[in-house]
Amino acid sequence: MRKIVLSSLAVLASSLFALFISTGYAAEPENNSDSPANQKILAEFTITEGETEGESAIFLPIRLRGKEYLFFLDTGCSHTIFDASLKPELGEAKRVTKGGTAGSPITLELFDAPEAFIGPFNLQDYGEVSCTDFEMLSLILGKKVNVAIGMNLLKKHVVQIDFDKGKLLFLKPKAGKHPDWGEAVRINYHSLSQPYITGTVLKDTEVDFVIDTGAVCTGALHHIIFKEIISKNEIRTSEVLAQTASGTINPRVARIGSFTIGPFSYKNLIFDEGNFSRLGLTFLSRHLVTFDFPNNKVYLKKGEKFDKTNEIDMTGLHLLRISNQTVVHSVDKDSPADKAGIRTDDVILKVNGKNASEYEMWELGRLKQAGDKQKITMTIKHEDDVKEVSFRLKREI
């Protein structure tokens, strides 16, 4: 077996910026019980269907100056980030820094954290925050994105995501074994902030994967690894549209025949080509996941969706939700949507007879992955012309 080692520059791109944050954690005496009486719940949140399926970012409420906003959980980000619309709440910037993303580098301002609460947790207890523009991400997800909660807060906690039950828990850290959580996998850190675990691709290539709950996808392979694996095994590829903090990108994607993490084996997962390797929500949603960050472990336990077939868009259609309208951002050339005559800036009025605005964006994404040769009907508005079109989905990989 071989392990591909990448430069620190490639790894640094996994987060907006890297800064060491000490956990300040002292382990309690060992206790092997996972019962509710012994595992104290510090905060509990409900997650919705799209989030439990790994088809949407995980959104939770945050309270800031008497108002409630949505934040999303992002273990791939080293720090908590506020949307630019909330910049007036942050006061004067302390300094400016450079940060890496899944796309191009960006410039970030750093601020003292405001008094803002996630359950019982005050952001002021977790260091600095930064600010960037989440507008495009909000249009893609179909809801206003206000804050991304990163590792400066999460690293001090045990975070359990039960995708099957639709629950997210913050648990009190406790040393010892936790058999009810599943199998433990060691967490290490890139640049002391981005958590990663090691997996094996196609039985012979070990890869370090950043665990990225901010990525609504199965995952990605660093472009060096991706190219080598695709070339060596003659694997077919396609392209997708992805949004990063620096703008949109069009990475290649491929279906990888086998992949393992610890004792778990997976078949035919779809990975993007990226500037770092990562595992996203679509992968994590196959499990009960417990991030025991203070003890540098993630526990995985097979969930109801463990063997779910992995698919991507089969329409070639990329959509945004703008002022409650579903608008075509772009259409892939020679795709089913392109051949049906759908064009950039068209407005989708209905999908399969239902008003498009009644669908969540993740529901539309699910319809676009419904299966090879499945029929989909849309009513579209092109300028002043309204017409109905039908086409069949086409699996590219």
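Here are the numbers:
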read-out: Chain lengthening between Ala175 and Lys339 when straightened (0.36 nm per residue, less Cα-Cα); value: 53.3 nm
read-out: Net dipole in debye of segment 317-392 [+1 Lys, Arg Cβ; -1 Asp, Glu Cβ; about Cα centre; nearest 20]; value: 300 debye
read-out: Cα gyration tensor shape for segment 131-247, rounded if a/c is under 1.5, else prolate or oblate; value: oblate
read-out: Helix-only [θ]222 nm of the chain, DSSP H runs n ≥ 4, -39500 (n - 2.57) each, per residue, nearest 500; value: -2500 deg cm²/dmol
read-out: Segment 264-390 - charge dipole about Cα centre, Lys and Arg +1 at Cβ, Asp and Glu -1, debye rounded to 20; value: 620 debye
read-out: Residue (of Val96, Leu171, Leu288) at the positive-pole extreme of the chain, dipole from beta-carbon charges; value: Leu288
read-out: Potential lengthening between Asp204 and Gln374 on full extension [0.36 nm per residue; Cα-Cα distance subtracted]; value: 57.6 nm
read-out: Using alpha-carbon coordinates, inclination of helix 223-233 to the longest axis of the chain, degrees; value: 60 degrees
read-out: Length-normalised contact order of the chain in % [C-alpha pairs under 8 Å, at least 6 apart]; value: 18 percent
read-out: Per-residue Cβ neighbour rank within 10 angstrom, fewest leading, Thr377, Thr213; value: Thr377, Thr213
read-out: Whole-number percent relative contact order across segment 182-302, with pairs defined as alpha carbons under 8 Å at least 6 apart; value: 35 percent
read-out: Added length on full extension, which subtracts the Cα-Cα distance from 0.36 nm per residue, Lys354 to Ile397; value: 12.6 nm
read-out: Cβ-based net charge around Ile397, under 9 Å, with every Lys or Arg adding one and every Asp or Glu removing one; value: +2
read-out: Segments 329-337, 144-152, 275-283 sorted - mean Cβ within 10 Å per residue, highest first; value: 275-283, 144-152, 329-337
read-out: Cβ-derived FRET efficiency at R0 35 Å, Lys381 paired with Ala43, nearest 0.05; value: 0.20
read-out: Cβ-based net charge around Leu300, under 11 Å, with every Lys or Arg adding one and every Asp or Glu removing one; value: +3
read-out: Label point distance in nm, Ser85-Glu135, each placed 7 Å from Cα along Cα→Cβ; value: 1.1 nm
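Each reported figure results from applying straightforward, stated rules to the coordinates on display, with no laboratory input. Predicted model only: the values in this text are computed from it and were never measured. Heads up, the Cβs are rebuilt from the backbone with ideal geometry, glycines too, and the neighbour counts pull from every protein chain shown.
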